[in-house]
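The values are calculated or read from the model by the stated rules, or taken from the named source; none is laboratory data. All values reported here derive from a predicted model rather than from experimental measurement. All Cβ positions, glycine included, derive from the backbone under ideal geometry; neighbour counts span all protein chains shown. These accessible areas exclude ligands, DNA and RNA; they are computed on the full protein's heavy atoms, side chains included. Shrake-Rupley method; radii C 1.70, N 1.55, O 1.52, S 1.80 Å.
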Amino acid sequence: ISKEDINLLMNSGKEKIYIFDKSPNQIDENKAALNLSKFIISNNIKINKPINGRADLFAKKNGMLIYNKKLLYKLNYSHDDLAIAMMKNEEVVQKNQLIGNVKILPYAINKKSLDKILTKNNFSNFIQVKKAKTKKIALIISADQENIKSNTKIINSINSRLSKFDQKIKYIIHCKHNENNIKNVLLSKKINDADIVLLYGSTSIVDKNDIIPKGLKNAKGKVISYGAPTDPGNLLMYGALQNKQIIGVPGCAKSILRNGFDPILEKVCFDFKINKKVISELSYGGLFKNIIRNS
């Protein structure tokens, strides 16, 4: 504090000031935030220069934020002098997007306390941004009467979703909306090397015995789950055919607004194992509508 500072304080009526005196066994807030951040994140995340003990974390690439929630909770619960805030787990993120931050609450933190974290391997790189693996995606559009405008809308909507993690539709096939035609396309050479097949019909899939599920079964495929606890997006089907993942696309996928189709599409593109349990868990946060009614 300079003499000028003292004069300014005195003239402002301040006779005392409080200071923080860092001891040798403590580490500065900014250095601690940087060291901790480096330890807990993966290569696809960058750290802004810490200011006031806060290190902001940004995605280096388009991808999905993935981390162990229990480890995040444990760090925040066990250490009163730090706060780590993150976006929700399994959210799709864009390059240069802020995904979280590490904050050291006091001006300095005890070195031993920090070292306890930095020596535990389970905390090492547990926060990651994973890129989607390149997938060959086929879209089968079945209709009794082809509607070019409607088809363009669903194609653009799906490609818009996929572009967020650097994917796109590779094959687009049209067929008549009946079981036999859907079966034949599913077994055709046109999509023989596809990893993911999206089935979009002229009408929504209303039950397990509808045209699209029957077409899949007739091709010797399997319906793993029909229906999803999401709204919009209830009328979604998930199945498999040989090594292909099959999604019966709900009508709401024509809209670019987020709905129950999004988390399933994201999970298959990021190689999550999908089963009925995974789909049932979509119910948590599965209401995508935002309606307020006046009483």
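Data table
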quantity	calculated
Looking only at region 256-295, and only at residues there that are under 19 Å from the mean Cα position of the chain (by Cα) and among the hydroxyl-bearing types (Ser, Thr, Tyr), the one that is farthest from residue 231 (Cα to Cα)	280
One residue from 87, 64 being aliphatic (A, V, I, L, M), touching a residue at least 12 places away in the same chain (Cβ under 8 Å), surrounded by 14 or more Cβ atoms within 10 Å (Cβ to Cβ) and out of contact with any helix residue (DSSP H, G or I) (no Cβ under 8 Å at 6 or more places or on another chain)	87
Set 224, 211, 205: member being in contact with a strand residue (DSSP E or B) (Cβ under 6 Å, 6 or more places away or on another chain) and buried (at least 18 other Cβ atoms within 10 Å of the Cβ)	205
Entirely in region 199-295, the strands (runs of 3 or more DSSP E) that have 1 or more residues that are polar (S, T, N, Q)	222-226, 244-248
Complete set of residues in region 93-114 that are touching a helix residue (DSSP H, G or I) at 6+ places or on another chain (Cβ under 7 Å) and buried (at least 20 other Cβ atoms within 10 Å of the Cβ)	102, 104, 108, 109, 114
Residue check for residue 197: open to solvent by less than 50 Å² (accessible area, probe 1.4 Å), β-branched (Val, Ile, Thr), without any contact (Cβ under 8 Å) to a residue 40 or more places away in the chain and under 25 Å from residue 280 (Cα atoms)	no
From the options 16, 31, 46, residue that is more than 18 Å from residue 106 (Cα to Cα), at pLDDT 95 or above and not acidic (Asp, Glu)	46
One residue from 192, 234 being open to solvent by 60 Å² or more (accessible area, probe 1.4 Å) and within 16 Å of residue 136 (Cα to Cα)	192
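Results for (1) open to solvent by 80 Å² or more (accessible area, probe 1.4 Å); (2) at pLDDT 95 or above, shown as yes or no for each residue.
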{"site": "118", "(1), (2)": "no, yes"}
{"site": "125", "(1), (2)": "no, yes"}
{"site": "128", "(1), (2)": "no, yes"}
{"site": "134", "(1), (2)": "yes, no"}
{"site": "150", "(1), (2)": "no, no"}
{"site": "153", "(1), (2)": "yes, no"}
